[in-house]
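Heads up, the thing below is written out as structure tokens.
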Number of protein chains: 2
Amino acid sequence: MSVNHSLADDLGFLLSRASGVVARSVSDALAPLGLRVRSYSVLALTGEDGAGVTQRRLAVLMGLDPSQVVALVDELESRGLVTRTPDPADRRNKLIVATEQGCQVRSQAQQLVDQAHSGYFARIPQGDLDRLRHVLQQIAFPDETPTEHEAETSTAGE
Amino acid sequence: MSVNHSLADDLGFLLSRASGVVARSVSDALAPLGLRVRSYSVLALTGEDGAGVTQRRLAVLMGLDPSQVVALVDELESRGLVTRTPDPADRRNKLIVATEQGCQVRSQAQQLVDQAHSGYFARIPQGDLDRLRHVLQQIAFPDETPTEHEAETSTAGE
DNA sequence: TATTGTTATACTCTATAACTATA
DNA sequence: TATAGTTATAGAGTATAACAATA
């Protein structure tokens, strides 16, 4: 399994290159909104649960150290895009919720991100993209049992 | 194509997460050899052409700015793993060639990288990995016509 | 004692401009 | 002039340890 390596065939290298290409494109697309990939991710995640997300959960979901989340939330909060309120049930938790303005910026951002993505993904068949998504999820979250939030994608082909 | 975003389904996000997971693992695996992902890539690329590789070409292949290549080559050169000699045909070019010791370290490194990769890729069917590689190449090198430098590898795939 | 968030710090990675030497 | 390499620098991303507030 380790014969005649060409770096252009190395999956780790290709992941890094592809990730960089897309991230740069997304970053450029988000610049007009004053967002970067990370702050966009935070904003996107705050929209997935109306009750709010704890910073700890943001860190887990984004694969970051909790200390890195602080500055991201600080910035969004100072711009009035999210609020940071202690959870009444457990005051150690801070619940991050998008403001109305934050929701507006988020949907604008999602459009821009989609445009940027389409520049790279549009030419690739939808089935390939679905398989790509599935495989990437396996790599990115190796511990997750796929049946948890995935039950429909059954590749099992050829 | 842009409905009901969940970040866990966002290809850009998944690329970044997966890339980070694998890169960290590879980086840890290479630590005993005093290499990081970047320096390993340089070393790997020097092995693909016996005549040597120019720094400019390294920069293009790795998607880096030429100025970033300098420090990488400096480090490998100071460790005696590569040599940096002016091209007699065009003395602006510096040809980077792996030394004998560099070749030894490279093959050790490739084994370690393979082990690290297998931790993530082994459970994924080979056909899926081939498709993944192909799609990633399209994303990472959108301008390339795949037949250009893929004519000789003839991996008997598809 | 354990957990959430926070601060501080250091290191790596990335991006850019200006300089040199060769062509 | 144009290109390959180099230097310098600033910003963004990443990793770690220590601390305060709360459970």
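The values are calculated or read from the model by the stated rules, or taken from the named source; none is laboratory data. Everything numeric here is computed off the predicted structure, so don't read it as measured data. Neighbour counts run over all protein chains shown; Cβ positions are idealised from the backbone, glycine included. Areas reflect the complete protein model, heavy atoms only, side chains present, ligands, DNA and RNA absent. Shrake-Rupley method; radii C 1.70, N 1.55, O 1.52, S 1.80 Å.
Compute the label-point distances linking B:Asp65 to its equivalents in the other copies; points lie 7 Å from Cα along Cα→Cβ; give nm, one decimal, shortest first.
Spacings between copies for this position, smallest first, are 2.6 nm.
If amide H atoms are built 1.01 Å from N in the plane of the peptide, which residues on other chains or at least 5 residues away come under 5 Å of the amide H of A:Asp87?
Those lying under 5 Å, H to H, from A:Asp87 are A:Asn93, A:Lys94, A:Leu95.
At 1.4 Å probe radius, can you tell me the per residue accessible area of the protein assembly as shown in Å²?
53
Given points 7 Å out from each Cα along the Cα-Cβ axis, report the A:Gln108 to B:Ser27 separation in nanometres with one decimal.
A separation of 3.4 nm, rounded to one decimal place.
Given an 8 Å cut-off on Cα distances and at least 6 residues of separation, report the relative contact order of chain A as a percent.
21
Using a 10 Å cut-off around each Cβ of peptide A:103-110, what is the average number of partner chain Cβ atoms that fall inside?
Average neighbour count from other chains, rounded to a whole number: 1.
Starting at the first residue of the stretch B:26-38, write each ³J(HN,Hα) from the Karplus equation 6.51 cos²θ - 1.76 cosθ + 1.60 with θ = phi - 60°, in whole Hz, x for Gly and Pro.
With the stated coefficients, the stretch B:26-38 comes to 5, 4, 4, 5, 7, 3, x, 8, x, 10, 10, 4, 5 Hz.
Per-residue mean of other chain beta-carbon atoms within 10 angstrom of the beta-carbon, peptide B:117-125?
Mean number of neighbouring Cβ atoms from other chains: 4.
Output wanted: per-residue J couplings in Hz (rounded whole) for the stretch B:119-128, from phi through Karplus 6.51 cos²θ - 1.76 cosθ + 1.60, θ = phi - 60°, x for Gly and Pro.
Rounded to whole hertz, the list is x, 10, 9, 4, 7, 9, x, 4, x, 5.
Using the Karplus equation 6.51 cos²θ - 1.76 cosθ + 1.60 (θ = phi - 60°), what ³J(HN,Hα) coupling, rounded to whole Hz, does each residue of the stretch A:104-117 give in order, writing x for Gly and Pro?
5, 4, 4, 6, 4, 4, 5, 5, 5, 5, 4, 4, 4, 4
Which whole number gives the average count of other chain Cβ atoms within 10 Å of the Cβ atoms across peptide A:18-27?
6
Using a 1.4 Å probe on the protein chains only, how many percent of the accessible area of the stretch A:39-140 belongs to carbon and sulfur?
The computed percentage sits at 48.
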